[in-house]
Amino acid sequence: MAKNTIYIIDVTNRDGVQTSRLGLAKLEKTMLNLHLDEIGVFQSEFGFPTTRHETNYLNANLDLVEIGAMKYIQLGGWLRAIKKDVEEGFQRVPKLKHVNLSISTSRQMTEGKFRGKYSWADIITMMCESVVAAREHGAESIGINAEDASRTELKRLIEFAKAAKEHGADRIRYCDTLGYDDPLTIYERVKALAEAIGIPIELHCHNDLGMAVACSIAGAKGAIDAGTDAYITTTVNGMGERAGNADLVSTILAVKKSSGFKNKYQLDEHIDLSHAWKLCKYASLSFRVPIPVNQPAVSDNAFAHESGIHADGALKDSRTYELYDYTEVGRGHIDLVETGRLITTGEYSGIKGFKNVAGKRELKFQDDDEAQEILELVRYANVHTQKPVTEDEMKFIAQYPAYARRIMSVQP
């Protein structure tokens with residue numbers, strides 16, 4: 001990998017799905033992984049290896065990586081930094097190669113959440129044991145999450161991070177768990193941390209004060225200015241607990257286009273924002289959360305002009321009132337809407353209606369038996385997601401029926 005580079009780790013399928021009263025079906029999580037691979041994200045934190053209803057989905061997605069359905073992306077599991085959790089996670093998901101191990105580090109967390117059950121020495125010991133266990137089970141990369149790092153004394157944080165490095169951790173996740181930092185404080189703290197430990201820092205910022213994207217790129221700048229790589233965790237459309245996380249597309253645009261970063265800090269060369277529109281629209285549909293009208297890049301108003309001065313300026317030269325082209329984020333096409341007869345596919349569809357829909361989506365089957373098999377899976381997908389099956393979902397099911405069957409198999 002290139003030196004002093006900013007990489008993106010998307011956590012929609014882990015942190016995003018923890019949003020209260022919202023969630024994703026396993027098929028939807030799989031589609032997001034495929035879309036995130038298209039956009040060039042370095043890693044998707046794709047779920048919880050110790051959670052039983054995730055097991056089939058996690059193993060099937062790792063198999064999809066093996067057969068080349070996902071070209072670049074790594075799939076990483078989230079585990080508590082507890083040795084028994086690591087062992088259980090690798091037992092359930094034996095092909096797991098990338099993990100993030102999390103434990104609280106601030107006094108507020110250790111005293112308020114653990115109620116004195118663990119001393120500071122215990123926290124470090126548990127974390128180190130989990131790193132060793134993960135490596136023994138075949139982990140190729142290990143990130144250590146310092147939960148509530150922004151409210152952890154810097155001296156303690158450095159002690160914690162050095163111990164993680166000494167026991168084999170590849171990077172430290174600086175978690176601004178409550179969105180407590182501001183861009184100036186996080187820059188200074190992360191720079192000092194990176195200088196002290198000399199391994200990459202991963203920024204994980206929440207949006208409680210509305211500064212998740214700003215803090216994420218400021219923290220990344222601190223890490224790179226200290227001579228290490230930086231990783232930024234994001235979620236699609238900023239989905240996440242409470243006020244959400246750093247938005248994926250906004251974060252990438254901030255690195256690529258803002259005055260302090262453009263042509264000065266290197267972003268992972270695999271990033272391709274031309275898939276942003278499709279990704280964000282799919283996430284919005286899957287979460288059942290509309291994209292705010294003023295969200296950067298992908299909202300209805302992101303490239304809309306009405307006032308006379310603005311419209312005149314944009315028509316003469318788009319750069320007058322647009323920092324980047326709409327084509328850069330995958331916009332500019334015309335969506336066709338059927339206004340006549342409409343045949344849809346759902347849990348009670350028959351073979352003739354399905355063939356009609358499949359034909360419009362250029363799906364071909366060897367024979368009626370294959371068409372019937374795919375129809376059955378599409379029916380299950382409708383039950384599984386409780387939403388109309390999208391074109392991309394149908395194409396995935398048709399191309400990878402055996403994997404789709406496993407992904408949608410959630411048994412208690």
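Each value in this text was obtained by applying a stated rule to the coordinates, not by laboratory testing. Quick caveat, the model's predicted, so the values are computed rather than measured. All Cβ positions, even for glycine, are placed from backbone atoms using ideal geometry, and neighbour counts span all protein chains on display.
Using square roots of five times the C-alpha gyration tensor eigenvalues, list the equivalent-ellipsoid semi-axes of the range 351-406 in whole Å, biggest first.
16, 13, 10
I'd like the distance separating the alpha-carbon centroids of the range 306-385 and the range 137-181, in whole Å.
Here the answer is 42 Å between Cα centres.
Tell me the relative contact order for the chain as a rounded percent, counting alpha carbon contacts under 8 Å between residues six or more apart.
Reported relative contact order: 17 percent.
With the cut-off at 1.5 for a/c, could you classify the range 11-75 from its C-alpha gyration tensor as rounded, prolate or oblate?
Oblate.
Highest GNM mean-square fluctuation, the chain, Cα pairs closer than 10 Å: which of 28, 166, 38?
Of the options given, 166 has the highest mean-square fluctuation.
Reachable lysines from residue 360, Cα under 16 Å, same-chain residues fewer than 8 places away excluded?
352, 395
Give me 352, 387 ranked fewest to most by other Cβ atoms within 10 Å of their Cβ, as a rough exposure proxy.
352, 387
Run the simple label-point estimate for residue 318 and residue 182 please: 7 Å along Cα→C-beta, distance reported in nm.
Placing both labels 7 Å along Cα→Cβ, they lie 3.6 nm apart.
Given springs between every Cα pair under 10 Å in a Gaussian network model of the chain, which of 256, 29, 221 has the largest fluctuation?
Answer for the Gaussian network model of the chain: 256.
Please find the FRET efficiency linking residue 88 to residue 301, where r is the Cβ-Cβ separation and R0 is fixed at 30 Å, and quote it to the nearest 0.05.
E(calc), rounded to 0.05, equals 0.05.
Running a GNM on the chain with Cα contacts under 10 Å, which residue among 229, 312, 15 ends up with the highest mean-square fluctuation?
312
Would you compute, from DSSP H runs of 4+ residues alone, the mean residue ellipticity of the chain at 222 nm, taking -39500 (n - 2.57) per run and dividing by the full residue count, rounded to the nearest 500?
-13000 deg cm²/dmol
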